[in-house]
Amino acid sequence: MPDLVANPASPDTSAPRPAASGLSASAPRTAAIVNLGCKVNQSEMEAAARLLRQGGVPLVDPARGADLVIVNTCTVTSAADEKSRQAVRRARRANPDARVVVTGCSVQVDPSTYARVDPAARLVDNESKAAILTELEALLALDGPGGPDGPGGAAPHAPLAAALPTLSGVEAASPVDGIADDRASVERTRAFVKVQDGCSFHCTYCIIPRARGAERSLAPEVVLADVRRALVAGHREVVLTGINIGTYDGGWSERGARGSHARSALTLAGLVRRLLEETEVERLRLSSIEVQHVDDELLAAWADGGPRTLPHLHLPLQSGDDGVLRRMGRRYTADQYARAVERARRAIPGLAVHADVIAGFPSEDDAAFERSTAFIRGLDPAGLHVFRYSARPGTPATRMAGQVDERTKKARAAELLALAAEARAAFTRRGLGTATRVLLEQRLPDGRWTGHAEDHVVVAAAPRLGDPADLENAVATVRRDGVDPEDPERATGRILALDPPRRVLRAPLPLLAAG
Ligand code: SF4
C-alpha cells in the first residue's frame, strides 16, 4: 500500500487519507515532471518518465498544461529550497486543475511549508517515493490486459525519440548554487541508475541524512535489471548514482556503527564487475564518490573494465584545509585525499578528477581559505564544483562559532569559480592531439555536434560528408585538435569514425525498480 502523506494544511483535515492510488483513480492523459537537485533525484524521475512513456502518457512542458505534475524537490541549499517552492507554485499556476505530487528532500524536511504553498498538492515523503512508480504502474495498467502488451493498450515502448521537455522545467542554477538541471539534452544518451540511497555520515553541514535517511543499497539484481532496461531504451552510457555510493553493500549486509558495515555482502567494486560481466554496458561512469571509498579493489575493477569504464572520478573535497575538514566532519585529511588521487591516477591513465568545494564554511578564515586554494591548485583537478556554504536548519554547523558573512562567501566562491574555469581550460588543453570517444548529445546552431568525451571534457566536432544528419546518441572517435574560441573549456575536434549504432530492442520495457 503506497504511503502517501496527506497534505497537513489541507482545509479538510478530517478528510480520509488518500486511497491506494493517491495520484488519482484514473490515468493521466498528459504528465509533466519537474526535477531539481542531484543525480539521485534525476535517476528517480527518469524512472517515472520511462514508466509514463511506456504507458503511452505524453510528457509535456509543465508550463503548458498537464493532468499530472510531479515535482521532485531538493534541499541541499536554501536556494534549492526556494527553487523547489517556486517550482510547485509555477506548476499549480500553469495547471490549476492538475494533480500535483510533490516529493523529494525539501518536502521531506519541511512538509508544512509545502502544504501552505499548494494546499491541494499531494506530499510524498522520500521513503514512499517508490510508491509513485507503483501507483503509476497501477494507474497505467501496465501489467494488465489494457497495458502496452494487450489489445487496445498503449503503443509499445519506443526508443526515447524526443527530448523530455519536462526535465528542463526549472532553470539551471549557477554553479555556486550546486543545482544542475541540464538533463533534457542528456536524457537520451546517458542513463542515471540508482544503486544506493541515504547516508549515515552526518557531515556537520549536510541535511541529506535527515532528508534521505540512513544508507541502504539496491540488490545487485535490481541494478542489473535497471541497467539492462536503460540499454534496451537506447542509452549508451550508464552513470551509477547514489547519495553515498561507496557504501554500496549489495542490500543485505549486516549494519555497523555510523555508516560502517559489520559484514558486506557485495562492494561497489563487486557490483561494477558484475555489470561488466553480465550486461553489454558500453560506457560506465560513477557519480560522485567519497575519496576514502576509492580503494584498491575499486581501482582494480575500474582498470580491468578497459574502455568500458570511463577515466573520470568526481571526488568531493569540500576544503583543502585540515581544520575545516575536521569541523565539517569529513573523514579524511587533505593529505589523505591527495594520496588517494595519486593512487587513482596511477591506476587509471588519463584520469579526470573533479572535486566539490564549499566556500565560507564556519571557521574558514582567510588563512584556511588560502591553504585550501593552494591545495586545490596543487591537486590540478580537471574540474571543480563550487558551493557557497548555506546553513541548513538543524545541522551542527549552524551552531558553530565563526560564521562567515555573505560578502566573504561570495568573494571566495568567485575566486574558486575562476580557479575552476582555469582548471577546466587547462585540462581541455592537455587533451589536444589525442583521440577520444565522444558520446554526441546535442547539435549546435552552427551544425557541429557536442558531447562528453571519456574524460568528461566537452568536445564539439563537425560531421563529415556522408555522416547521418542526426548524430544524437552516436559514439564518435574524435581527434581533439583545438580549443573552441567561443568557450575555452570546450575542445574542438575532427570525427575520425562512428561506432555502429546501438541495436535498440523494440520490446516493451519492464518496470523500473526504485529504491
Ligand atoms: S557524505 Fe556527508 S555530505 Fe555526503 S550526503 Fe553524507 S552527510 Fe551529506
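Here, each number is a calculation from the coordinates, and none is a lab measurement. No experiment lies behind these values; they were computed from the predicted model shown. Counting neighbours? That spans all protein chains shown, and the Cβs are built from the backbone with ideal geometry, glycine included.
Can you compute the modelled spin-label distance between Thr113 and Ala138, with each label point 7 Å from Cα toward Cβ, in nm?
Those two pseudo-labels are separated by 3.1 nm.
For a paramagnetic label modelled at 7 Å from the Cα of Asp405 toward its Cβ, which residues of the range 369-397 fall within the zone defined by backbone nitrogen distances under 18 Å?
The answer is 369, 389-391.
What is the Rg over Rh value, at two decimals, for the range 435-498, using alpha-carbon atoms and the Kirkwood definition of Rh?
0.91
With point charges of +1 on the Cβ of Lys and Arg and -1 on the Cβ of Asp and Glu, referenced to the Cα centre of the range 168-430, which listed residue (Ala367, Leu284, Val222) lies farthest in the positive direction of the dipole?
After comparing all options, I get Val222.
Local charge sum around Val459 (other residues, Cβ-Cβ under 12 Å, Lys/Arg +1, Asp/Glu -1)?
Overall, the nearby charge balance is -1.
What order do you get for Arg330, Arg430, Arg339 when you list them from fewest to most C-beta neighbours inside 10 Å?
Arg339, Arg430, Arg330
Tell me, what is the FRET efficiency for Ala300 and Glu422 to the nearest 0.05, using R0 = 41 angstrom and their Cβ-Cβ distance as r?
Details: r = 33 Å, r/R0 = 0.80.
Plugging the Cβ-Cβ distance into 1/(1 + (r/R0)^6) gives 0.80.
How do Phe192, Phe427 rank when sorted from fewest to most other Cβ atoms within 10 Å of their own Cβ? Please list the in-between numbers first.
Working: Phe192 27, Phe427 21.
Ordered from fewest to most neighbouring Cβ atoms within 10 Å, Phe192, Phe427 come out as Phe427, Phe192.
Just rank Glu237, Glu422, Glu44, fewest to most, by other beta-carbon atoms within 10 angstrom.
Least crowded to most crowded, the residues run Glu422, Glu237, Glu44.
Please label the shape of the range 324-471 as rounded, prolate or oblate, based on the square roots a ≥ b ≥ c of the eigenvalues of the alpha-carbon gyration tensor (a/c under 1.5 means rounded; beyond that, a/b larger than b/c means prolate, else oblate).
Prolate, since a/c reaches 1.5 and a/b exceeds b/c.
Check cross-link reach from Lys410 to the lysines: straight Cα distance under 27 Å, and skip same-chain residues fewer than eight apart.
By straight Cα distance, Lys410 reaches Lys39, Lys83.
Straight-line reach from Lys409: which aspartates and glutamates fall under 13 Å, measuring Cα to Cα and dropping same-chain residues less than 8 apart?
Candidates past the 8-residue exclusion: Asp177, Glu364, Asp365, Asp366.
Over the range 350-434, what is the relative contact order in percent, taking alpha-carbon pairs closer than 8 angstrom and at least six residues apart?
It rounds to 41 percent for the range 350-434.
Equivalent ellipsoid semi-axes for the range 168-430, as square roots of 5 times the alpha carbon gyration tensor eigenvalues: give them largest first, rounded to whole Å.
30, 21, 19
If one computes P(r) from the Cα atoms of the range 329-406, what percent of pairs lie at distances over 15 Å?
Of the Cα pairs, 65 percent sit more than 15 Å apart.
Under unit Cβ charges (Lys, Arg +1; Asp, Glu -1), what dipole magnitude, rounded to 20 debye, does the range 239-378 have relative to its Cα centre?
Here the range 239-378 has a charge dipole of around 120 debye.
Could you give the distance between the Cα centres of the range 70-131 and the range 418-442, to the whole Å?
Between the Cα centres of the range 70-131 and the range 418-442 lies a distance of 37 Å.
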